[in-house]
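The values are calculated or read from the model by the stated rules, or taken from the named source; none is laboratory data. As the structure is a prediction and not an experimental result, all values here were calculated from the model. All Cβ positions, even for glycine, are placed from backbone atoms using ideal geometry, and neighbour counts span all protein chains on display. For accessibility, only protein heavy atoms count, side chains too; no ligands or nucleic acids. Shrake-Rupley method; radii C 1.70, N 1.55, O 1.52, S 1.80 Å.
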Amino acid sequence: VGNISIKRFPAFKLGGDSFMYWLNADAEKAIREFKPDVIIAHSYRHLHTTRALKIARAIGAKVFLVTHAPFDRNSTRSLFARVAVYLYDTLIGSRTINLFDKVLAITHWEIPYLKKLGLKPAKLIYMPNGIRLAFLSPVTKIAGKYLLYTGRLSPIKQLETPIRALSFLREKSLMLKLFGPAEKEYLFYLKNIARSYHVDDRVIFHDASYGAKEQLRELNSAQLFILHSKSEGMPQVLIEAMARGKIVLASDNKGNADIIRHGKNGFLFNGDDAEQLARQIEHILHLDKKTAASIRHSARRTAEQFDWKKVSKILE
(Lines give C-alpha, C1' and ligand atoms only; values in the text may rest on other atoms or scores of the structure.)
Protein backbone atom coordinates (compact mmCIF):
# COMPACT_ATOMS: atom_id res chain seq x y z
CA VAL A 1 0.00 0.00 0.00
CA GLY A 2 1.82 3.07 -1.22
CA ASN A 3 5.35 3.61 0.00
CA ILE A 4 5.38 2.10 3.50
CA SER A 5 8.65 1.63 5.36
CA ILE A 6 8.83 -1.00 8.09
CA LYS A 7 11.43 -1.26 10.83
CA ARG A 8 11.80 -4.34 13.02
CA PHE A 9 14.00 -5.26 15.97
CA PRO A 10 15.59 -8.51 17.20
CA ALA A 11 13.99 -10.29 20.13
CA PHE A 12 15.75 -11.31 23.32
CA LYS A 13 14.44 -14.50 24.92
CA LEU A 14 13.71 -14.08 28.62
CA GLY A 15 12.39 -17.56 29.43
CA GLY A 16 9.71 -20.15 28.68
CA ASP A 17 8.59 -20.99 25.16
CA SER A 18 7.85 -17.46 24.03
CA PHE A 19 8.61 -14.82 26.67
CA MET A 20 10.54 -12.19 24.70
CA TYR A 21 11.78 -8.63 24.94
CA TRP A 22 12.02 -6.54 21.78
CA LEU A 23 13.32 -3.16 22.95
CA ASN A 24 16.66 -1.99 24.28
CA ALA A 25 18.26 1.47 24.47
CA ASP A 26 19.52 1.29 20.88
CA ALA A 27 16.09 0.24 19.62
CA GLU A 28 14.36 3.10 21.42
CA LYS A 29 16.82 5.57 19.92
CA ALA A 30 16.27 4.09 16.46
CA ILE A 31 12.49 4.36 16.86
CA ARG A 32 12.73 8.03 17.80
CA GLU A 33 14.91 8.70 14.74
CA PHE A 34 12.67 6.65 12.46
CA LYS A 35 9.58 8.57 13.67
CA PRO A 36 6.96 5.95 12.76
CA ASP A 37 3.29 6.78 12.32
CA VAL A 38 2.35 3.49 13.97
CA ILE A 39 4.12 1.21 16.44
CA ILE A 40 2.90 -2.39 16.45
CA ALA A 41 3.72 -3.98 19.82
CA HIS A 42 3.62 -7.78 19.88
CA SER A 43 2.44 -9.99 22.74
CA TYR A 44 0.27 -8.89 25.64
CA ARG A 45 2.06 -9.01 29.04
CA HIS A 46 5.53 -8.68 27.50
CA LEU A 47 7.65 -5.89 28.96
CA HIS A 48 8.17 -3.97 25.72
CA THR A 49 4.44 -3.39 25.11
CA THR A 50 3.93 -0.83 27.88
CA ARG A 51 7.24 0.77 26.97
CA ALA A 52 5.96 1.11 23.41
CA LEU A 53 3.09 3.19 24.80
CA LYS A 54 5.56 5.59 26.41
CA ILE A 55 7.62 5.95 23.22
CA ALA A 56 4.49 6.41 21.10
CA ARG A 57 3.28 9.25 23.32
CA ALA A 58 6.69 10.95 23.09
CA ILE A 59 6.78 10.94 19.28
CA GLY A 60 3.05 11.29 18.59
CA ALA A 61 2.61 7.83 17.03
CA LYS A 62 -0.33 5.50 17.27
CA VAL A 63 0.33 2.13 18.87
CA PHE A 64 -1.39 -1.19 18.14
CA LEU A 65 -1.11 -4.24 20.39
CA VAL A 66 -1.13 -7.73 18.82
CA THR A 67 -2.14 -10.06 21.66
CA HIS A 68 -0.89 -13.49 20.45
CA ALA A 69 -3.48 -15.25 22.64
CA PRO A 70 -1.59 -15.70 25.93
CA PHE A 71 -4.70 -16.54 27.95
CA ASP A 72 -5.93 -19.85 29.41
CA ARG A 73 -2.42 -21.31 29.79
CA ASN A 74 -2.50 -22.35 33.46
CA SER A 75 -1.95 -26.00 32.54
CA THR A 76 1.49 -25.12 31.18
CA ARG A 77 2.52 -22.48 33.73
CA SER A 78 4.23 -22.84 37.10
CA LEU A 79 2.63 -21.45 40.25
CA PHE A 80 5.05 -18.51 40.10
CA ALA A 81 4.05 -17.79 36.50
CA ARG A 82 0.33 -17.98 37.34
CA VAL A 83 0.79 -15.50 40.19
CA ALA A 84 2.81 -13.20 37.92
CA VAL A 85 0.06 -13.32 35.27
CA TYR A 86 -2.61 -12.47 37.86
CA LEU A 87 -0.61 -9.54 39.22
CA TYR A 88 0.13 -8.20 35.72
CA ASP A 89 -3.51 -8.37 34.64
CA THR A 90 -4.71 -6.72 37.85
CA LEU A 91 -2.06 -4.03 38.31
CA ILE A 92 -0.90 -3.28 34.75
CA GLY A 93 -3.01 -4.91 32.05
CA SER A 94 -6.40 -3.58 33.16
CA ARG A 95 -4.93 -0.07 33.53
CA THR A 96 -3.12 0.09 30.19
CA ILE A 97 -5.19 -2.00 27.77
CA ASN A 98 -7.29 1.00 26.66
CA LEU A 99 -4.22 3.18 26.10
CA PHE A 100 -3.53 1.29 22.87
CA ASP A 101 -5.20 2.78 19.80
CA LYS A 102 -6.19 -0.70 18.63
CA VAL A 103 -5.88 -4.19 20.10
CA LEU A 104 -5.62 -6.93 17.49
CA ALA A 105 -6.89 -10.30 18.72
CA ILE A 106 -5.59 -13.22 16.66
CA THR A 107 -8.35 -15.60 17.84
CA HIS A 108 -12.03 -15.42 18.70
CA TRP A 109 -11.64 -17.36 21.96
CA GLU A 110 -9.44 -14.70 23.63
CA ILE A 111 -11.93 -11.85 23.11
CA PRO A 112 -13.88 -12.56 26.36
CA TYR A 113 -10.57 -12.35 28.27
CA LEU A 114 -9.83 -8.95 26.71
CA LYS A 115 -13.30 -7.71 27.58
CA LYS A 116 -12.81 -8.89 31.16
CA LEU A 117 -9.69 -6.70 31.29
CA GLY A 118 -11.98 -3.80 30.42
CA LEU A 119 -11.04 -3.34 26.76
CA LYS A 120 -13.49 -1.02 25.00
CA PRO A 121 -15.25 -2.71 22.06
CA ALA A 122 -14.32 0.14 19.70
CA LYS A 123 -10.64 -0.63 20.18
CA LEU A 124 -10.91 -4.36 19.42
CA ILE A 125 -10.16 -5.87 16.02
CA TYR A 126 -10.10 -9.58 15.17
CA MET A 127 -7.14 -10.17 12.85
CA PRO A 128 -5.77 -13.73 12.74
CA ASN A 129 -2.38 -14.79 11.45
CA GLY A 130 -2.45 -15.71 7.80
CA ILE A 131 -1.09 -18.78 6.03
CA ARG A 132 1.17 -18.83 2.99
CA LEU A 133 -0.48 -18.91 -0.41
CA ALA A 134 1.39 -22.14 -1.22
CA PHE A 135 -0.75 -24.06 1.28
CA LEU A 136 -3.88 -22.92 -0.57
CA SER A 137 -2.60 -24.03 -3.96
CA PRO A 138 -4.61 -26.74 -5.75
CA VAL A 139 -4.54 -29.98 -3.80
CA THR A 140 -2.73 -32.86 -5.50
CA LYS A 141 -4.47 -36.17 -4.96
CA ILE A 142 -1.84 -38.27 -3.20
CA ALA A 143 -2.77 -41.44 -1.34
CA GLY A 144 -2.25 -41.04 2.38
CA LYS A 145 0.64 -43.03 3.81
CA TYR A 146 0.87 -42.20 7.51
CA LEU A 147 -0.39 -40.20 10.47
CA LEU A 148 1.41 -36.85 10.69
CA TYR A 149 2.30 -34.18 13.21
CA THR A 150 4.34 -31.13 12.16
CA GLY A 151 5.76 -28.52 14.50
CA ARG A 152 7.90 -28.30 17.62
CA LEU A 153 8.43 -31.50 19.56
CA SER A 154 8.04 -30.23 23.12
CA PRO A 155 6.18 -31.39 26.26
CA ILE A 156 3.28 -28.98 25.69
CA LYS A 157 2.38 -31.01 22.57
CA GLN A 158 1.85 -34.27 24.54
CA LEU A 159 3.08 -36.40 21.63
CA GLU A 160 3.46 -39.42 23.91
CA THR A 161 -0.32 -39.94 23.66
CA PRO A 162 -0.51 -40.53 19.87
CA ILE A 163 2.62 -42.70 20.16
CA ARG A 164 0.91 -44.89 22.76
CA ALA A 165 -2.24 -44.92 20.63
CA LEU A 166 -0.37 -46.81 17.89
CA SER A 167 -0.24 -49.89 20.10
CA PHE A 168 -4.05 -49.97 20.30
CA LEU A 169 -4.68 -49.62 16.55
CA ARG A 170 -5.86 -52.74 14.73
CA GLU A 171 -3.93 -51.65 11.65
CA LYS A 172 -0.39 -52.50 12.77
CA SER A 173 1.32 -51.22 9.64
CA LEU A 174 0.15 -47.63 10.12
CA MET A 175 3.03 -45.24 10.81
CA LEU A 176 3.21 -42.00 12.82
CA LYS A 177 5.58 -39.29 11.58
CA LEU A 178 6.68 -36.48 13.94
CA PHE A 179 8.13 -33.82 11.70
CA GLY A 180 9.89 -30.86 13.29
CA PRO A 181 12.65 -29.63 15.60
CA ALA A 182 12.74 -31.44 18.95
CA GLU A 183 13.83 -30.54 22.45
CA LYS A 184 16.58 -33.09 23.17
CA GLU A 185 15.29 -34.36 26.52
CA TYR A 186 11.74 -34.65 25.20
CA LEU A 187 12.91 -36.48 22.07
CA PHE A 188 14.77 -39.00 24.28
CA TYR A 189 11.59 -39.43 26.36
CA LEU A 190 9.41 -40.00 23.28
CA LYS A 191 11.78 -42.62 21.88
CA ASN A 192 11.67 -44.45 25.20
CA ILE A 193 7.85 -44.35 25.15
CA ALA A 194 7.85 -45.81 21.62
CA ARG A 195 10.18 -48.63 22.71
CA SER A 196 8.22 -49.43 25.85
CA TYR A 197 4.98 -49.74 23.84
CA HIS A 198 6.78 -51.77 21.12
CA VAL A 199 5.94 -49.27 18.36
CA ASP A 200 9.43 -47.82 17.83
CA ASP A 201 9.49 -49.33 14.32
CA ARG A 202 6.28 -47.41 13.50
CA VAL A 203 7.29 -43.93 14.72
CA ILE A 204 9.38 -41.77 12.38
CA PHE A 205 11.21 -38.88 14.04
CA HIS A 206 12.32 -36.12 11.70
CA ASP A 207 14.20 -33.92 14.15
CA ALA A 208 14.98 -30.87 12.00
CA SER A 209 13.76 -27.44 11.11
CA TYR A 210 11.86 -27.25 7.85
CA GLY A 211 10.38 -24.81 5.38
CA ALA A 212 7.05 -24.56 3.59
CA LYS A 213 8.22 -26.81 0.73
CA GLU A 214 9.07 -29.70 3.07
CA GLN A 215 5.90 -29.25 5.10
CA LEU A 216 3.75 -29.26 1.96
CA ARG A 217 5.38 -32.49 0.85
CA GLU A 218 4.63 -34.16 4.18
CA LEU A 219 1.07 -32.87 4.36
CA ASN A 220 0.32 -34.04 0.82
CA SER A 221 1.49 -37.55 1.74
CA ALA A 222 -0.28 -37.77 5.11
CA GLN A 223 -3.44 -39.77 5.70
CA LEU A 224 -4.47 -37.92 8.86
CA PHE A 225 -3.05 -34.89 10.68
CA ILE A 226 -2.86 -35.05 14.48
CA LEU A 227 -2.34 -32.14 16.86
CA HIS A 228 -2.44 -33.31 20.45
CA SER A 229 -1.41 -30.47 22.79
CA LYS A 230 -2.21 -29.06 26.22
CA SER A 231 -3.02 -25.60 24.89
CA GLU A 232 -2.90 -23.58 21.69
CA GLY A 233 -3.21 -19.93 20.83
CA MET A 234 -3.87 -19.92 17.10
CA PRO A 235 -2.80 -23.36 15.80
CA GLN A 236 -1.05 -22.42 12.55
CA VAL A 237 -0.02 -25.98 11.63
CA LEU A 238 -3.60 -27.15 12.04
CA ILE A 239 -4.87 -24.53 9.59
CA GLU A 240 -2.08 -25.37 7.12
CA ALA A 241 -3.10 -29.04 7.24
CA MET A 242 -6.75 -28.10 6.68
CA ALA A 243 -5.68 -25.94 3.73
CA ARG A 244 -4.32 -29.11 2.12
CA GLY A 245 -7.73 -30.73 2.53
CA LYS A 246 -6.59 -33.04 5.30
CA ILE A 247 -8.88 -34.52 7.91
CA VAL A 248 -7.48 -33.27 11.21
CA LEU A 249 -7.76 -34.64 14.75
CA ALA A 250 -6.83 -32.23 17.54
CA SER A 251 -7.05 -32.04 21.31
CA ASP A 252 -10.06 -30.12 22.60
CA ASN A 253 -8.50 -26.89 23.87
CA LYS A 254 -9.63 -23.32 23.20
CA GLY A 255 -7.22 -22.70 20.33
CA ASN A 256 -8.16 -25.85 18.40
CA ALA A 257 -11.88 -25.59 19.19
CA ASP A 258 -11.81 -22.03 17.80
CA ILE A 259 -11.02 -23.54 14.38
CA ILE A 260 -12.62 -26.99 14.38
CA ARG A 261 -16.33 -27.81 14.35
CA HIS A 262 -16.30 -31.43 15.51
CA GLY A 263 -17.44 -33.83 12.80
CA LYS A 264 -17.86 -31.01 10.27
CA ASN A 265 -14.40 -29.76 9.27
CA GLY A 266 -12.31 -31.97 11.56
CA PHE A 267 -12.41 -33.79 14.88
CA LEU A 268 -11.65 -32.89 18.48
CA PHE A 269 -10.31 -35.30 21.07
CA ASN A 270 -10.72 -34.80 24.81
CA GLY A 271 -8.12 -36.03 27.29
CA ASP A 272 -4.98 -38.14 27.01
CA ASP A 273 -6.50 -41.64 26.90
CA ALA A 274 -4.40 -43.36 24.22
CA GLU A 275 -6.85 -46.23 23.71
CA GLN A 276 -9.73 -43.82 23.15
CA LEU A 277 -7.57 -41.82 20.75
CA ALA A 278 -6.86 -45.00 18.79
CA ARG A 279 -10.60 -45.67 18.46
CA GLN A 280 -11.10 -42.09 17.21
CA ILE A 281 -8.33 -42.53 14.64
CA GLU A 282 -9.89 -45.76 13.40
CA HIS A 283 -13.30 -44.10 13.17
CA ILE A 284 -11.85 -41.37 10.96
CA LEU A 285 -9.87 -43.75 8.77
CA HIS A 286 -13.02 -45.80 8.09
CA LEU A 287 -15.33 -42.94 7.19
CA ASP A 288 -17.32 -43.51 4.03
CA LYS A 289 -16.03 -41.64 0.97
CA LYS A 290 -18.87 -39.11 0.86
CA THR A 291 -18.48 -38.10 4.53
CA ALA A 292 -14.69 -37.91 4.27
CA ALA A 293 -14.91 -35.76 1.14
CA SER A 294 -17.37 -33.39 2.84
CA ILE A 295 -15.07 -32.95 5.86
CA ARG A 296 -12.02 -32.37 3.64
CA HIS A 297 -13.96 -29.78 1.64
CA SER A 298 -15.12 -27.98 4.81
CA ALA A 299 -11.57 -28.02 6.18
CA ARG A 300 -10.29 -26.37 3.02
CA ARG A 301 -13.03 -23.71 3.13
CA THR A 302 -12.18 -22.94 6.76
CA ALA A 303 -8.50 -22.52 5.93
CA GLU A 304 -9.27 -20.12 3.09
CA GLN A 305 -10.43 -17.58 5.68
CA PHE A 306 -6.76 -17.26 6.71
CA ASP A 307 -5.45 -16.36 3.26
CA TRP A 308 -2.98 -13.48 3.74
CA LYS A 309 -4.74 -11.61 0.94
CA LYS A 310 -7.88 -11.47 3.08
CA VAL A 311 -6.12 -10.89 6.40
CA SER A 312 -4.02 -8.02 5.05
CA LYS A 313 -7.19 -6.12 4.12
CA ILE A 314 -8.11 -6.01 7.82
CA LEU A 315 -4.70 -4.51 8.61
CA GLU A 316 -5.10 -1.92 5.86
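Suppose R0 equals 35 Å. What FRET efficiency, 1/(1 + (r/R0)^6) with r the Cβ-Cβ distance, do VAL139 and ALA25 give to the nearest 0.05? FRET efficiency, VAL139 to ALA25: 0.10. Accessible surface of TRP308, taken over heavy atoms with a 1.4 Å probe and every protein chain present, rounds to 120 Å².
Ranking LEU153, GLY180, ALA194 by how far each Cα lies toward the positive end of the dipole of segment 148-198 (charges on Cβ) leaves ALA194 at the top.
Under the criterion of Cα pairs below 8 Å and six or more residues apart, the relative contact order for the chain equals 16 percent.
Taking the Cα centre of segment 1-152 as origin and assigning +1 to Lys and Arg Cβ atoms and -1 to Asp and Glu Cβ atoms, the resulting dipole is close to 60 debye.
Exposure check, 1.4 Å probe, all protein chains in place: PHE71 carries approximately 10 Å² of accessible surface.
Taking 7 Å steps out from each Cα toward its Cβ at SER221 and ASN74 produces label points 4.3 nm apart.
How much length is gained on full extension from SER209 to GLU282, taking 0.36 nm per residue of separation minus their Cα-Cα distance?
Once the chain is fully extended between SER209 and GLU282, it gains 23.3 nm.
Under 5 Å between amide hydrogens, built in the peptide plane, is the criterion, and for ILE39 it picks out LYS62, VAL63, PHE64 among residues at least 5 positions away or on other chains. Considering only ALA41, PHE12, ILE31, and ranking their Cα positions along the charge dipole of segment 1-76 that arises from unit charges at the beta-carbon of Lys, Arg, Asp and Glu, the one farthest toward the positive end is ILE31. In segment 214-316, which trypsin sites (Lys or Arg not before Pro) fall in coil by DSSP and have 16 or fewer other Cβ atoms within 10 Å? Here the sparse-neighbourhood loop sites are LYS230, ARG261, LYS264. Charging the Cβ of each Asp and Glu at -1 and of each Lys and Arg at +1, and nothing else, the dipole of segment 116-225 about its Cα centre rounds to 420 debye.
Which of these values of Cα extents along the principal axes in Å was calculated from the structure shown: (i) 65, 43, 34; (ii) 60, 42, 36; (iii) 91, 65, 37? Comparing each candidate, only (i) matches the computed number.
In the chain, helices alone account for a calculated mean residue ellipticity at 222 nm of -11000 deg cm²/dmol, with every DSSP H run of four or more residues adding -39,500 (n - 2.57). 3J(HN,Hα) along segment 275-291, derived from phi through the Karplus expression 6.51 cos²θ - 1.76 cosθ + 1.60 where θ = phi - 60°, amounts to 5, 5, 4, 4, 5, 5, 4, 5, 4, 5, 5, 10, 5, 5, 4, 5, 5 Hz, with x in place of Gly and Pro. Residues PHE168, PHE64, sorted by accessible area with the largest first, give PHE168, PHE64 [1.4 Å probe; ligands and nucleic acids excluded]. Taken one residue at a time, the phi angles of segment 146-151 give Karplus couplings (6.51, -1.76, 1.60, θ = phi - 60°) of 7, 7, 9, 10, 10, x Hz. Gly and Pro are set to x. With a Förster radius of 25 Å applied to the C-beta separation of LYS35 and LEU315, the computed FRET efficiency comes to 0.75. Rounded to whole numbers, the Karplus 3J(HN,Hα) couplings from phi for segment 306-316 are 9, 4, 4, 4, 7, 5, 5, 5, 5, 5, 4 Hz, using 6.51 cos²θ - 1.76 cosθ + 1.60 with θ = phi - 60°, and x at Gly and Pro.
Comparing Cα centroids, segment 4-61 and segment 190-233 end up 35 angstrom apart. Residues whose amide H falls under 5 Å from that of PHE19, counting only those 5 or more places apart or on a different chain, are LEU14, with hydrogens built in the peptide plane. About the centre of its Cα atoms, segment 169-277 shows a dipole size close to 320 debye [charges on the beta carbon of Lys, Arg (+1) and Asp, Glu (-1) only; nearest 20 debye]. DSSP finds beta bridges in the chain, and of those with both partners inside it, around 10 percent are antiparallel.
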